[in-house]
1. Which condition does PHE182 not pass, out of (1) at pLDDT 85 or above; (2) farther than 26 Å from GLU397 by Cα; (3) surrounded by 15 or more Cβ atoms within 10 Å (Cβ to Cβ), if it passes all the others?
2. Of all the residues that make up the range 126-183, how many are aromatic (Phe, Trp, Tyr) and outside the structural domain of PRO263 (by TED's automatic domain parsing)?
3. Looking at ASN317, ASN311, which is the one that is crowded, with 19+ Cβ neighbours inside 10 Å, assigned by TED's automatic domain parsing to the domain that holds LEU242 and at pLDDT 70 or above?
4. Residues in the range 349-361 that are touching a Pro at 6+ places or on another chain (Cβ under 9 Å) and either modelled with pLDDT of 80 or more or of a type in the set (Val, Ile, Thr) (or both): how many?
5. Please enumerate the residues belonging to the range 190-206 that are at pLDDT below 80 and under 17 Å from the mean Cα position of the chain (by Cα).
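The values are calculated or read from the model by the stated rules, or taken from the named source; none is laboratory data. Predicted model, so just to flag it, every value in this text is computed and none were measured. With ideal geometry, Cβ positions are generated from the backbone for all residues, glycine too; neighbour counts draw on all protein chains shown.
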Amino acid sequence: MNFGVTAAIYFLIITRHTVVRSTHAECSIVLHLQEKENECKLKIKSDAAALIQSSNSTAGCVTEWDGISCWPASSEGDIVSVHCPLLLMKPQNPPVFIRRRCSVRGWSDLSVSYYEACFYEASEDDEDVREEKNYFDTLKLIYSVGHAASLVALLVAVLLFCCFRKLLCTRNYIHLNLFVTFMLKSLSVFIKDDVLFADKSTDHCTVSTLRCKAAVTFFHFCVLSNFCWLLVEALFLQTLLLCTFTSTRKLLWIYGAIGWGTPSVTVVIWALLKKTLDDEGEVIGHMCWDDLESRLWWIIKTPILFSIFINLVIFLNISRIIVQKTKATHVNQSETHLTRTLLRSTLLLLPLFGVHYVVFALIPEQVGVGPRLYFELVLGSFQGFIVALLYCFLNGEVQKEIQRTVRRWFPETKTNAINLPTQEFVA
């Protein structure tokens, strides 16, 4: 399949499936065309073998695959007609036939382009497609910047926690693991995009290499481990509030099993079942493992949904406790000051618990695509940066350690600490 025809095919696919989803419905079209191409190649070999055995050599055109349709062998002067593949054609459009003449020089050009035959409505459609492409290109740029900013901020935060050993209490050990999962998640996004979409001459539907499957598997592991450590953050904070005298350090093994053990076991089970039962690349075409329409996707999705809704329940319960404690300790404060304190303490928990994922947790991927993209891609890409900012850079303990180090190196330097109410609450 030459690059020009391939580009035309994918332009038709993008136009036909304007909704960008996590699962790739357009792959069914690509795989259908690949199946037809294989059938056409078998026919070409069969015709070639028959021509060799036959003593008659008449002028004409041989069977040809042009990337979308298979043109049968014809005699010189014949006109052959095919119609647009039904998968590429809008339901309301009547079938349009595409003709080619077999001449002395071979097959003539198409009487009408596939785009016009399959989808053409009006010239403004081209502008709509360009605007949509620009929209998704901009969206990809924004979430790439978000993940890059998160990766840099989290790397600095991890180095700070590792350099200042006094900071490594149970709470900050959990923060440290969460920071690592955000870093892995950002790295996996860049790796997955590079593997699936870097080569413009191919697409994610026709990639079935070990590298591609490994990238998708690593991506699922990183996303799942991130959700698991968000759950651990919520469980730890809930434990602090309910069991004041519990040795939280003893719970680190349990938290580690939840945070790293659960995603490891889940992804291994998913990968083994995917390879055994649902490896579409081995059956038809070459599809990578990023198809989320498979029933096996629920193996990954179920623990993610569980984490989201447990975090929501804990968030609501902790918010209730915050309200009670704030009212009890700020009896003489004005209503405005009390409201600000409550709002600030509650909002600071949102990125730590990933509560924003609740908005679209149970809504199908094809519903509310625009808002979903901003919530899950754009806002999610900056979540690591926000968490690093709130729970490291603006952490009073971290700032005090930095001040001590600065005073040790530069005795004449004076700095002022900034303390966040959140850290006082979390501690």
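1. (2)
2. Number of matching residues: 0.
3. ASN311 is the lone residue from the list that is crowded, with 19+ Cβ neighbours inside 10 Å, assigned by TED's automatic domain parsing to the domain that holds LEU242 and at pLDDT 70 or above.
4. So the count comes out to 1.
5. LEU196, PHE197, ALA198, ASP203, HIS204, CYS205, listed by residue number.
Each row is one residue, and each column tells you yes or no for (1) modelled with pLDDT of 80 or more; (2) in contact with a Pro (Cβ under 7 Å, 6 or more places away or on another chain); (3) over 30 Å from LYS400 (Cβ atoms).
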| residue | (1), (2), (3) |
| --- | --- |
| GLU116 | no, no, yes |
| ALA122 | no, no, yes |
| ARG130 | no, no, yes |
| LYS133 | no, no, yes |
| VAL145 | yes, no, yes |
| ALA149 | yes, no, no |
| LEU154 | yes, no, no |
| LEU160 | yes, no, no |
| THR170 | yes, no, no |
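Residue-wise test of (1) at pLDDT 70 or above; (2) not in a strand (DSSP E or B).
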| residue | (1), (2) |
| --- | --- |
| GLY4 | no, yes |
| HIS24 | no, yes |
| HIS32 | yes, yes |
| GLU37 | yes, yes |
| ASP47 | yes, yes |
| ARG99 | yes, no |
